[in-house]
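Some notes on the structure that comes next.
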């Protein structure tokens, strides 16, 4: 029998090599597409620009993504996932569940000051993949964690238990609307400061901070 160490050190066969090259091609496409979509927006970005920048032939693109929209969908999923990870990391630095929820919500607002995030997630996202798909991605990465945080607060007697799921939706809607206002503001830095102050008031009232 071959040990795990021996299997890990064996030379790559033709099939393994194709898998590695395929993953590399996909990553190059995602990296370049994210840069172009973030800088120029979906409509102003051509497939040719992405292919040239990634050093990938058109056939390589369609092996991984059926269309430009499918490529954007993958980029959007990647960006939202990374944002959610950063938000969770920030929240987990707090031991109190209310402080954790508040820290995560404020972190989200600060992250959307990034023009790439604004363009891909807030401006192009709903328009390109549709509202339902955009919400599905957002909910997959953020709603569950928000519901869990509010459920912990309800279990501790700090929120009425029957309302915690609905409050999760309302809270995400409030943070999302604030993020959109910040992304469209003439002075995003000033809008961010106002958004943070307003969100802190809202969460303090909700969570008894």
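Just so it is clear, none of the values below were taken in a lab; they were calculated from the coordinates. As the structure is a prediction and not an experimental result, all values here were calculated from the model. As a convention, Cβ positions derive from the backbone with ideal geometry for all residues, glycine included, and neighbour counts pool all protein chains shown.
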Where does the chain land at 222 nm, in deg cm²/dmol rounded to the nearest 500, when only DSSP H runs of n ≥ 4 count, each adding -39500 (n - 2.57), divided by all residues? -24000 deg cm²/dmol
Calculated FRET value between residue 194 and residue 39, using beta carbons and R₀ = 30 Å, to 0.05: 0.65
What percent does the relative contact order of the stretch 68-209 come to when contacts are Cα pairs within less than 8 Å and at least six residues apart? 27 percent
Past the 32 angstrom mark, what percentage of all C-alpha to C-alpha distances in the chain do you count? 33 percent
Starting with the fewest neighbours, write out 36, 69 ranked by other beta-carbon atoms found within 10 Å of each beta-carbon. 69, 36
Within the set 155, 145, 178, GNM on the chain using Cα springs under 10 Å gives the largest fluctuation to 155
Binned at 5 Å from 0, what are the whole-percent values of the Cα-Cα distance distribution for the stretch 92-131, short to long? 6, 22, 18, 16, 15, 13, 9, 2
Under a Gaussian network model of the chain whose springs join Cα atoms within less than 10 Å, the largest fluctuation of 139, 77, 96 belongs to 96
How much of the calculated P(r) for the stretch 75-199 lies past 20 Å, in percent of all Cα pairs? 42 percent
